[in-house]
1. Find how many whole Å separate the alpha carbon centroid of the range 227-274 from the alpha carbon centroid of the range 132-176.
2. So which helices of the chain fit the span-like rule, where a helix is a whole DSSP H run, its Cα atoms reach 24 Å or more along the axis, and its mean Kyte-Doolittle is at least -1.0?
3. Local charge sum around Val205 (other residues, Cβ-Cβ under 10 Å, Lys/Arg +1, Asp/Glu -1)?
4. Carbon and sulfur together cover what percent of the accessible area of the chain at a 1.4 Å probe radius?
5. With θ set to phi - 60°, apply the Karplus curve 6.51 cos²θ - 1.76 cosθ + 1.60 along the range 39-45 and write out the HN-Hα couplings as whole Hz, x wherever there is a Gly or Pro.
6. Taking K and R as +1 and D and E as -1, what net charge do the other residues with C-beta under 15 Å from the C-beta of Lys40 add up to?
7. Which whole-Hz couplings ³J(HN,Hα) result when phi for each residue of the range 175-183 is put into the Karplus expression 6.51 cos²θ - 1.76 cosθ + 1.60, θ = phi - 60°, listed in order with x for Gly and Pro?
8. Which cross-chain or sequence-distant (5 or more) residues have an amide H under 5 Å from the amide H of Ser56, H modelled 1.01 Å from N in plane?
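The values are calculated or read from the model by the stated rules, or taken from the named source; none is laboratory data. Computed from a prediction, not measured in an experiment: that's the story for all the values here. Here Cβ is always computed from backbone atoms with ideal geometry, including for glycine, and neighbour counts include all displayed protein chains. The protein model used for the area step is the full one, side chains on, heavy atoms only, and it has no ligands, DNA or RNA in it. Shrake-Rupley method; radii C 1.70, N 1.55, O 1.52, S 1.80 Å.
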Amino acid sequence: MKKHVLIALALCMALGTACGKEEVVEEKNLRSVEITTVGKSEISSEFAYTGKAAPSKEVSVVPTVPGKVTDFNYEVGDKVSQGAVLFTVDTIDLQNSLRSAEAGYNVAKLARDNAKNTYENNKLLYDEGIISKSEYDQIKYAYDAAEAQLVSVQVQMDTLKKSISDCSVTSPMTGVIATRGVERGGFASQAAPAYTVMDLSTIKVEVSVSEQVLNTIKVGDKVSVLMTAVSEEPLEGTVATIAPAAGQTGMYTVKVEMDNKDGKIKSGMLAEVNFTMESSDDTIVLPRNAVIEKEGETYVYVVENGVAKKVIVELGIEAADTIEITKGLKNGDDVVTKGQTYISDGEEVNISNADPAETEKSETKKEEKGE
């Protein structure tokens, strides 16, 4: 009897000890990853080249007739119309020469008129056989020489009048004064521009592009031009010309024209011209570093119910830091974008940037499956 009591006490003690201990649950040490949920977007492959804004037209104005500047009418930055007088050169010497030529013209005209009368009178005598041919030829020669002298003086007068007119130097086009190199009392010559006039209503930006980009560009293409000095948003330009041959650097010059009627773009401003080689809309786009290329395979990791799954993908357009996925993924897939190089196919992971509500749903699914 006593033996049975001892056994029962021993069993109770053993059971009591076991019941008093808490069950230890081993926690899993999961790798942390970050994910992004796949959605449709757009992507384009662009190449950017830097250039400087320049006027579509630029003309240096020099006087036809050098001389002392008597006046000028425009300052740098002023708008000027075609034909407007920019400056004038002293005409005193030319005016004196013109008066002398006019006097010479009058003398030459009298001589020509006398020679003409003599010629006409003697022609009648020659026709009647009264004077010899040699006498007639001398009279005709004198008349022709007087006529030639009169014409010569007339040409001299016309040249002087033209020179006097040219002393009022006009703008060859409508534009903006870029430089002024004359002063009142100074000497204007053809050695240096007196004025420089720019047409800034249209701006050109010349850039040098590589042969890889050249054949994707054609005249008339619309391109994006970023000029931070003018606007934070890109401006629109149009490809105007494409060089048919490469320069010494092996690059090809492309000229892009931009409308500048508001005058905001100034000559010399830096511009970044972006040429689009390829583009795609409504497509799956991922960060470039989410894609792994290893041992001849191109793949990403997709997380389903907390488990990383290796998915083979096919790539499309590649931009600076994003890439198009043409095959292998669908909308709503959760793709690992950080930590993907340290995990393996089928590995359970911890999503560090997961939405708490989504995490709760995932845990509920696991419990329902008995995991």
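1. Using only Cα atoms, the two centres lie 51 Å from each other.
2. Numbers: long enough: 2-20 (27 Å, 1.34); 92-127 (52 Å, -0.91); 133-166 (49 Å, -0.59).
Once both thresholds are applied, what remains is 2-20, 92-127, 133-166.
3. Working: positive: Lys52, Lys204, Lys255; negative: Glu206, Glu257, Glu272.
Within the 10 Å Cβ shell, the charges total 0.
4. Working: 11590 of 23280 Å².
Roughly 50 percent, rounded to a whole number.
5. Once rounded to whole Hz, the list reads x, 7, 8, 10, 8, 9, 9.
6. Details: positive: Lys327, Lys330; negative: Glu42, Asp281, Asp282, Glu324, Asp333.
Within the 15 Å Cβ shell, the charges total -3.
7. The phi angles translate into x, 10, 6, 9, 9, 10, x, 10, 9 Hz.
8. Sorted by chain and number, the residues that satisfy this are Asp199, Thr202, Lys204.
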